[in-house]
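Read-outs: derived from the displayed coordinates by stated rules, not from any lab. Note that the coordinates shown come from a computational prediction; the quantities given were computed from them, not determined experimentally. Here the Cβ positions follow ideal geometry from the backbone for every residue, glycine too, while neighbour counts run over all protein chains shown.
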Amino acid sequence: MKRVITNTQVVIIGGGCAGLSLGSKLALAPDSPSTVIIEPRTEYVEDRTWCFWDNQESQHNHLPLKSWNQVHLSTIEDEITVDLKHRRYQMLRSADFYQDKLSTIASSSAVSLQTGTQVNSVTKSPDGRWVTETPLGTFICEYVIDTRPSGASIENPPHLWQTFLGLEIECDQPIFEDNIATLMDFEDVVNQDIPFVYMLPVNKNQALITAQSQRE
């Protein structure tokens, strides 16, 4: 017989970027509701990199691997380097993000993370509470927040299609200008493809280089 767990007020489905972000916010709240995060993966490993625009007041200022105050864009006709001033472009490794959020959640008595399990079903009971079925047991709570991708098909798909191929390059000699991020270095249009290079130098010897092709 499965356990029925009723002392949880919130169930967060999915412990990825969104689920861990919300869980860590609740963990830091002085009056946090009792919360459980349900995540199918058994361990967190370095699996992606996030890049985003940020400012001096971000809660993630201690996490980014690299920040750039200048970005470069170029075409075959012209090029420009833009000073971002207080709005920086940052690179955040998932391993650093996971470690930070997992540590915050682990220090909380109100928020817990259940890995290695998944949600089988979510229904609403006649009394208005949510019933979440998992291999661990049945969670009956006030709120369910599903952070998983919807998986729904798009009726009118976009006309622009992008593909990505990225490599982390490390050179013996210092060849990168590491204070400038190249967001778009366009090449000639070939067969309706619009290829460009996206280069993020971490230091003078190392960079993440992504060749992208987008098609209308």
Residue 13: net charge of surrounding residues, Cβ under 9 Å, Lys/Arg +1, Asp/Glu -1, itself excluded?
-> -1
Which Cα, out of 33, 22, 64, lies furthest along the positive dipole direction of the range 1-148 (beta carbon charges, K/R +1, D/E -1)?
-> 33
Fewest to most neighbouring Cβ within 10 Å: what's the order for 172, 54, 96?
-> 172, 96, 54
Trypsin sites (Lys or Arg not before Pro) within the range 1-55, DSSP loop, no more than 10 other Cβ atoms inside 10 Å = 2, 3
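Would you mind getting me the FRET efficiency between residue 178 and residue 48? Use the beta-carbon distance for r and R0 = 30 Å, nearest 0.05.
After rounding, the FRET efficiency stands at 0.90.
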Determine the gain in length on full extension of the stretch residue 145-residue 79; use 0.36 nm per residue of separation and subtract their C-alpha separation, reporting nm with one decimal.
-> 19.3 nm
Cα-based Kirkwood hydrodynamic radius, the range 2-76, one decimal, Å | 15.9
Placing +1 at every Lys and Arg Cβ and -1 at every Asp and Glu Cβ, with all other atoms neutral, what dipole size does the range 1-87 have around its Cα centre, in debye to the nearest 20?
-> 620
Please give the net charge around residue 148, taking every other residue with its beta carbon less than 13 angstrom from that of residue 148, where Lys and Arg add +1 and Asp and Glu add -1.
-> -1
Using unit Cβ charges (K, R positive; D, E negative) and no other charged atoms, how large, in debye to the nearest 20, is the dipole of the range 1-160 about its Cα centre?
-> 520
The range 33-95: mean projected area of Cα convex hull, nm² | 7.3
Beyond 24 Å (Cα-Cα) in this structure, taken from 25/85; 66/101; 85/204, we find 25/85
